[in-house]
Amino acid sequence: GAVVSQHPSWVICKSGTSVKIECRSLDFQATTMFWYRQFPKQSLMLMATSNEGSKATYEQGVEKDKFLINHASLTLSTLTVTSAHPEDSSFYICSARDSEGSGTGELFFGEGSRLTVL
Amino acid sequence: QKEVEQDPGPLSVPEGAIVSLNCTYSNSAFQYFMWYRQYSRKGPELLMYTYSSGNKEDGRFTAQVDKSSKYISLFIRDSQPSDSATYLCAMSAGYGNKLVFGAGTILRVKS
């Protein structure tokens, strides 16, 4: 199946700093990527939909100025957590849909990035 | 009421047992139904995908969708310890629409 790569797999940062997480589709092009957050023992919560070449669409309650999303190419989307605080510590997962796929709606997920803010 | 309800478990079964995992939903617009498996500290991986109602079988896995009851199931036959993971149901109203996930069911298969 298609591969989605996330980097870094984990990151520890100090409160007040910004952290960038990359999501790459390795063997397909993705006009749309999705960013999720998952707290321990909870399900994935969609944060935003990232569209190549345009502004991301944020879910209700997600601060767009805090979670900056850039989808500059068909294979790369980035999520920047600005001025991170301990409550932002979570598992962030991206997913991507093959733009030239069969239209089944299948999403391919990255391995996730665990952010710990001290 | 959540859009998708899923019993978080944990569900503990002996090796070789048949496992039944279920989700109910309230949005009648959902048409695409998926089951994901997620190992600890890993991203979800797609197990089964079905469109509209019906059954779909893939190896030891069978997915069932009953749209009239707004109920979907995943059956695992001859369960193995390697099947121990969290199983997430997910559904979407259409291609490209956002996926709504269940809470996930923790499955433990004991050898």
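The values are calculated or read from the model by the stated rules, or taken from the named source; none is laboratory data. All of these numbers come straight from a predicted model, not from anything done at the bench. Cβ atoms come from the backbone with ideal geometry, glycine included; neighbour counts cover every protein chain shown.
Values as computed for the structure displayed
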| quantity | calculated |
| --- | --- |
| Residue in region A:61-83 that is more than 10 Å from chain B (Cβ to nearest Cβ), among the acidic types (D, E) and farther than 23 Å from B:W35 by Cα present | yes |
| Sole exception among (1) within 14 Å of another protein chain (Cβ to nearest Cβ); (2) part of a loop (DSSP other than H, G, I, E, B) for B:D78, by number | (1) |
| Total residues in region B:36-70, condition under 22 Å from A:L44 (Cα atoms), basic (K, R) and touching a Phe, Trp or Tyr at 6+ places or on another chain (Cβ under 8 Å) | 3 |
| Condition check for A:A30: surrounded by 15 or more Cβ atoms within 10 Å (Cβ to Cβ), more than 10 Å from every other protein chain (Cβ to nearest Cβ), at pLDDT below 95 and not in a strand (DSSP E or B) | yes |
| Tally of residues being surrounded by fewer than 16 Cβ atoms within 10 Å (Cβ to Cβ) and within 13 Å of chain B (Cβ to nearest Cβ) across region A:8-27 | 2 |
| Of all residues in region A:41-60 being more than 10 Å from chain B (Cβ to nearest Cβ) and not in a strand (DSSP E or B), the one that is nearest to the chain's Cα centre (by Cα) | A:A56 |
| Search result, residues across region B:73-93 that are hydrophobic (A, V, I, L, M, F, W, C) and surrounded by 19 or more Cβ atoms within 10 Å (Cβ to Cβ) | B:L74, B:I76, B:A85, B:L88, B:C89, B:A90, B:M91 |
| Leading residue by the ranking (modelled with the lowest pLDDT) among those in region A:1-27 that are aliphatic (A, V, I, L, M) and under 18 Å from B:Q38 (Cα atoms) | A:A2 |
| The listed residue being farther than 26 Å from A:F91 by Cα and within 9 Å of chain A (Cβ to nearest Cβ), out of B:G54, B:G104, B:G59, B:G94 | B:G94 |
| Scan of region B:24-36 for residues that are under 12 Å from the mean Cα position of the chain (by Cα) and within 11 Å of chain A (Cβ to nearest Cβ), ordered by number | B:F33, B:M34, B:Y36 |
| Total residues in region B:25-60, condition surrounded by fewer than 18 Cβ atoms within 10 Å (Cβ to Cβ), at negative phi and of a type in the set (S, T, N, Q) | 6 |
| Residues being over 14 Å from the mean Cα position of the chain (by Cα) and either part of a loop (DSSP other than H, G, I, E, B) or free of Cβ contacts under 8 Å to residues at least 12 places away in the same chain (or both) - total across region A:64-81 | 2 |
| Condition check for B:A63: assigned to a strand (DSSP E or B), small (G, A, S) and closer than 27 Å to A:S5 by Cα | no |
